[in-house]
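Notes for the one structure printed next.
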Amino acid sequence: MKTVLAVIVLLIGPAGAAIGQDITTLETIGPVTRLERTNNAVTLHCRDNSQVQLTILAPDLIRVRAAFTKPIPQRDHSWAIAKVDWETPHWNLKETPDSITITTDELETVVHRSPLLIDFRDARTHQLINSDERAMSYDASGKLKGIMFDPTAGTFVAAAKKFGFDEHFYGLGEKAARLDKRRSAFINWNSDTPGYTEGKDPIYQTIPFYIGLQHGIAYGIFFDNSYRSYFNFGQSSQQRAWFGAEGGELNYYFFYGPSIKKILSRYVDLTGHMSLPPLWALGNQQSRWSYYPDTVVEEVVNEYRKRDLPLDVIHLDIDYMNGYRVFTFDKTRFPDPKGLTDKLRQQGVKVVTIVDPGIKRTNQSAERYHAFDQGLEKNFFQHRRNGELFVPRVWPGDSVFVDYTLPEARRWWGDLHRVYTDNGVAGIWNDMNEPSDFIDQTGKNQLDVVSYDEGEKTTHAKNRNTFGLLMSRATYEGLERLQPDRRPFVITRAAYAGIQRYATMWTGDTNSTWESLALNIPMFTSLGLSGEPFVGSDVGGFIWRGNGELLVRSYQVSFLAPFCRNHKVVDGYDQEPWRFGKYYEDIIRKYLKLRYALLPFLYTKLEEAHRTGVPLFRPLVLNYQNDPNTYNIDDQFMIGDDLLIAPILKPDITRRLVYLPPGTWYDYWTDKKYTGGTMIGVDAPLDVVPMFVRAGAIIPLGPSLNYVGEKPVDPITFNIYPDDNGSASTSLYEDDGLSPAYKHGVFRRTAFSVRRGPRGFVVSIGAPEGTYNPGPRRFNFIVKGQELRMVSTVDNAKTQEIAIP
Ligand code: MIG
């Protein structure tokens with residue numbers, strides 16, 4: 001027995017030991033002795049002098065904050081939170097000798113006094129949604145110090161919840177894992193992990209937010225703690241799901257659905273809505289580590305145009321710089337950056353440059369480097385606790401990092417981007433911001449680095465996971481100031497919750513393997529369930545050598561991902577769409593063209609994500625949360641409510657099974673109808689990705705484009721897929737695609753609905769919402785499965801009906 005145990009421990013290894021840590025050895029919070037009530041909160045005083053504060057933010061949102069053996073601290077700050085001024089909803093409080101109940105219109109929170117256990121129930125049905133398995137815990141006697149990553153970080157705090165026999169877990173941001181996180185465990189500690197494969201953990205980002213779903217009823221928990229954190233969804237026990245962190249507060253927000261969509265909306269109310277990127281960010285993008293000199297960049301763009309492949313953006317990786325000095329251009333490779341961006345812009349192509357956090361340390365040489373000199377003079381760089389400048393080693397060699405927790409440093413960093421905007425650069429790609437350090441990738445070398453942190457002067461333990469968020473924020477706010485009439489486009493690798501306010505993301509250094517491709521889907525869908533809708537992955541994979549088949553199948557996933565960028569490592573085989581021959585190139589062209597045709601649809605869904613937090617790239621469970629068949633589907637996804645895609649994720653396969661949820665579905669390619677609620681077998685030769693449209697949908701398609709804005713979006717073709725009653729509906733969102741004016745109502749949202757009339761069909765176009773006027777254009781209406789079509793020039797400034805005879 002002993003040897004078996006030893007072998008298991010060896011197999012799990014030290015990381016496993018930390019994740020699987022038995023938190024039942026920790027001390028628990030004392031029983032409630034009395035309470036205090038304010039306008040929006042109840043503070044519970046405990047026998048051990050601990051306090052728990054329950055704040056009622058919305059009928060479906062309660063914050064739980066615990067301080068062990070001390071009062072709730074006055075200071076209350078989080079980089080993730082966007083909204084603090086909640087309008088307190090109606091609520092009431094009931095006390096009995098055993099419990100305290102806080103009731104809103106939707107949620108009933110019951111606190112048992114001894115031991116202090118919290119239950120969340122549906123206020124209408126009193127059904128239990130989530131409950132504490134044991135009282136909130138803390139490591140009073142330092143039992144976990146030995147296995148903590150940073151024993152100086154603070155005291156380990158944890159909350160344990162009962163683990164549902166049929167409970168499923170979603171979200172948790174960027175994890176190299178499947179969609180349903182049931183029976184697995186994770187660590188959050190932003191890490192540079194090139195070539196990661198499924199199971200590698202942690203990777204680049206920390207979004208400590210998850211959604212639990214049991215019997216169709218969903219709740220959310222956002223553990224807003226940026227320390228190294230642990231989430232365990234019944235990995236090795238059927239008793240409990242728990243989360244904890246190596247320091248900081250036990251501070252979490254509880255969201256009640258019951259719908260996942262409602263939880264996501266609340267989550268972005270709390271942590272911020274994604275701002276709309278420019279519409280061209282939805283265009284096709286091409287990258288390489290690295291395209292240089294300028295003539296190679298032009299050659300790639302020319303090749304795209306010559307081959308009739310759409311392209312909107314080309315990325316310049318680290319070699320555009322003068323010796324990896326951020327905010328400079330290499331004078332030989334890029335003698336005239338403005339001339340280059342002007343020339344590319346005439347071909348409709350925008351340039352995005354990479355910007356890393358490492359600023360080359362140049363004080364020991366005679367050389368002057370403005371970014372280093374200014375930052376040093378202003379004292380904006382990170383220091384160790386002993387006052388020494390912190391000198392990590394990254395691409396420029398010995399470097400320094402900015403303390404982005406300093407507001408003035410963020411402003412300075414943002415303003416440094418003038419060299420890019422002045423040179424016509426259209427977007428910024430933030431890499432390496434975990435922050436990566438070649439001296440030591442674990443973070444151990446940075447533990448004594450102190451950040452200003454609003455005057456708290458805290459160490460790396462607290463600030464590592466928010467570094468990428470704050471760097472992106474400084475970049476975004478800088479671009480906003482430099483070009484107030486343009487929407488910033490920022491891409492980041494590392495992040496913390498709230499990142500959607502500032503940056504889009506990509507999933508870092510994947511492999512050109514089928515396994516890596518298959519991971520795209522659960523990663524994109526999970527990110528969407530974590531408040532990050534604008535996601536993408538290097539198309540074709542980053543590391544190792546791919547081939548034409550893999551590249552085609554990869555485009556068949558990414559042509560519908562918000563961020564569609566082909567990118568490749570420095571020493572890898574070329575991977576642009578034409579590199580494996582005409583056969584593959586022709587198929588890739590078909591999908592890129594389809595993406596551009598679908599832009600009116602994709603942009604409408606992107607705006608929905610901005611406004612409601614519901615992502616466009618969705619797991620089936622988001623649309624069908626009452627259908628258990630969807631709970632762990634990793635190889636299919638949906639775009640909005642209407643498109644279902646079942647890509648091929650293995651080589652040499654030309655047929656697969658597809659699950660269609662209940663309802664009627666149309667095959668996108670053949671219009672053949674299927675009845676859902678079952679698996680069907682479909683053919684998928686290399687040029688076909690199985691794709692289905694929900695009956696009742698209308699998919700708007702724009703004209704064929706080489707790039708966004710090449711010509712007016714005219715005509716728009718509405719493909720109508722009537723349901724069994726002959727009805728269908730959609731809405732179309734349009735704006736100028738470039739400026740922030742949409743925030744002030746300068747957009748047009750039009751509702752379209754179709755019904756079966758006595759003769760043919762009738763399209764009703766609703767009165768448009770918003771002040772943006774795209775002018776008259778031609779609308780084509782095609783009723784699928786009926787061979788009916790109608791072309792009409794429409795100025796949809798008013799309500800109207802059009803008959804399709
Ligand atoms: O240490 O800038 O994930 O996309 O090409 C590698 C070079 C640094 C990592 C990024 C990758 C980029 C590469 N970077």
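The values are calculated or read from the model by the stated rules, or taken from the named source; none is laboratory data. Only a predicted model underlies this, so the values are computations on that prediction, with no experimental measurement involved. We place every Cβ from the backbone using ideal geometry, glycine too, and count neighbours over all the protein chains shown.
A few points about this structure:
- Pick from the stretch 197-209, criterion assigned to a loop (DSSP other than H, G, I, E, B) and within 16 Å of the ligand (Cβ to nearest atom), ranking: farthest from Asn445 (Cα to Cα): Thr197
- Residue within the stretch 587-594 that is surrounded by 24 or more Cβ atoms within 10 Å (Cβ to Cβ), within 16 Å of the ligand (Cβ to nearest atom) and modelled with pLDDT of 95 or more present: no
One line per residue, one yes/no per condition, for (1) under 17 Å from Phe559 (Cα atoms); (2) of a type in the set (Val, Ile, Thr); (3) touching a Phe, Trp or Tyr at 6+ places or on another chain (Cβ under 7 Å):
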{"site": "Leu657", "(1), (2), (3)": "no, no, no"}
{"site": "Gly663", "(1), (2), (3)": "no, no, no"}
{"site": "Gly676", "(1), (2), (3)": "no, no, yes"}
{"site": "Phe692", "(1), (2), (3)": "yes, no, yes"}
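- Within the stretch 349-397, considering residues that are under 30 Å from Gly283 (Cα atoms) and among the β-branched types (Val, Ile, Thr), the one farthest from the ligand (Cβ to nearest atom): Val349
- Boolean, Thr525 is hydroxyl-bearing (Ser, Thr, Tyr), modelled with pLDDT of 95 or more, more than 16 Å from the ligand (Cβ to nearest atom) and surrounded by fewer than 23 Cβ atoms within 10 Å (Cβ to Cβ): no
- Looking across the stretch 531-550, the residues that are under 30 Å from Glu608 (Cα atoms) and more than 15 Å from the ligand (Cβ to nearest atom) come down to Gly531, Glu532, Pro533, Phe534.
- Entry remark, the stretch 454-472: residues being surrounded by fewer than 20 Cβ atoms within 10 Å (Cβ to Cβ) and farther than 13 Å from Gly247 by Cβ number 3 in total.
- Scanning the stretch 714-723 for residues that are assigned to a loop (DSSP other than H, G, I, E, B) and surrounded by fewer than 20 Cβ atoms within 10 Å (Cβ to Cβ) returns Asp714, Pro715, Asp723.
- Selection of strands (runs of 3 or more DSSP E) fully inside the stretch 425-511 by the criterion of at least 2 residues being touching a strand residue (DSSP E or B) at 6+ places or on another chain (Cβ under 9 Å) and more than 16 Å from the ligand (Cβ to nearest atom) returns 449-451.
- Of all residues making up the stretch 397-411, the number that are under 27 Å from the mean Cα position of the chain (by Cα) and crowded, with 16+ Cβ neighbours inside 10 Å: 8
- Taken together, Glu36, Glu108 contain a single residue that is assigned to a strand (DSSP E or B) and exposed (fewer than 14 other Cβ atoms within 10 Å of the Cβ), which is Glu36.
- Looking only at residues of the stretch 259-293 that are part of a loop (DSSP other than H, G, I, E, B), within 16 Å of the ligand (Cβ to nearest atom) and not aromatic (Phe, Trp, Tyr), we find that the one that is surrounded by the fewest Cβ atoms within 10 Å (Cβ to Cβ) is Ser290.
- Of the residues making up the stretch 217-245, those that are within 24 Å of Leu270 (Cα to Cα) and in a loop (DSSP other than H, G, I, E, B) are Asp224, Asn225, Ser226, Tyr227, Arg228.
- Note on the stretch 743-790: among residues that are of a type in the set (Phe, Trp, Tyr) and assigned to a strand (DSSP E or B), the one that is nearest to Tyr668 (Cα to Cα) is Phe781.
- Considering residues of the stretch 473-522 that are small (Gly, Ala, Ser) and within 20 Å of Trp544 (Cα to Cα) only, the residue surrounded by the most Cβ atoms within 10 Å (Cβ to Cβ): Ser516
- Scope the stretch 98-132; condition over 21 Å from Thr38 (Cβ atoms) and free of Cβ contacts under 8 Å to residues at least 12 places away in the same chain; matching residues: Thr125, Leu128
- Being buried (at least 21 other Cβ atoms within 10 Å of the Cβ), in contact with a helix residue (DSSP H, G or I) (Cβ under 6 Å, 6 or more places away or on another chain), of a type outside the set (Ser, Thr, Tyr) and not in a loop (DSSP other than H, G, I, E, B) is a description that does not apply to Val535.
- If the condition is being in contact with a strand residue (DSSP E or B) (Cβ under 8 Å, 6 or more places away or on another chain) and either loosely packed, with under 14 Cβ neighbours inside 10 Å or of a type in the set (S, T, N, Q) (or both), then the stretch 772-784 contributes Asn773, Pro776, Arg778, Asn780.
- Lys582 within 16 Å of the ligand (Cβ to nearest atom) and among the basic types (Lys, Arg): no
- Among residues of the stretch 181-190, those that are surrounded by fewer than 22 Cβ atoms within 10 Å (Cβ to Cβ) and touching a Leu at 6+ places or on another chain (Cβ under 9 Å), counted: 0
- Subset of the stretch 318-338 (residues that are of a type outside the set (A, V, I, L, M) and touching a residue at least 40 places away in the same chain (Cβ under 8 Å)): Gly323, Tyr324, Arg325, Phe327, Thr328, Phe329, Arg333, Phe334, Pro335, Asp336, Pro337, Lys338
Every residue, every condition in (1) away from the ligand (no atom under 16 Å from the Cβ); (2) farther than 30 Å from Val569 by Cα; (3) surrounded by fewer than 24 Cβ atoms within 10 Å (Cβ to Cβ); (4) modelled with pLDDT under 95, yes or no:
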| position | (1), (2), (3), (4) |
| --- | --- |
| Asp192 | no, no, yes, no |
| Gly195 | no, no, yes, no |
| Ile211 | yes, yes, no, no |
| Ile217 | yes, yes, yes, no |
| Asn225 | yes, yes, no, no |
| Gln235 | yes, yes, yes, yes |
| Ala241 | yes, yes, no, no |
| Ala245 | yes, yes, no, no |
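- From the list Arg579, Arg553, Arg589, the one residue that fits, being in a loop (DSSP other than H, G, I, E, B) and among the basic types (Lys, Arg), is Arg579.
- Number of the exception - Gly745 against (1) on the phi > 0 side of the Ramachandran plot; (2) without any contact (Cβ under 8 Å) to a residue 12 or more places away in the chain: (2)
- For Arg307: the one exception among (1) farther than 20 Å from Asp431 by Cβ; (2) within 15 Å of the ligand (Cβ to nearest atom); (3) basic (Lys, Arg): (2)
- Hey, Val296 outside any loop (DSSP other than H, G, I, E, B) and either crowded, with 18+ Cβ neighbours inside 10 Å or within 14 Å of the ligand (Cβ to nearest atom) (or both) or not: no
- Flag if Phe165 is at negative phi, of a type outside the set (Ser, Thr, Tyr), surrounded by fewer than 21 Cβ atoms within 10 Å (Cβ to Cβ) and under 30 Å from the mean Cα position of the chain (by Cα): yes
- For the stretch 514-528, the tally of residues that are touching a helix residue (DSSP H, G or I) at 6+ places or on another chain (Cβ under 8 Å) and either farther than 29 Å from Ala474 by Cα or small (Gly, Ala, Ser) (or both) stands at 4.
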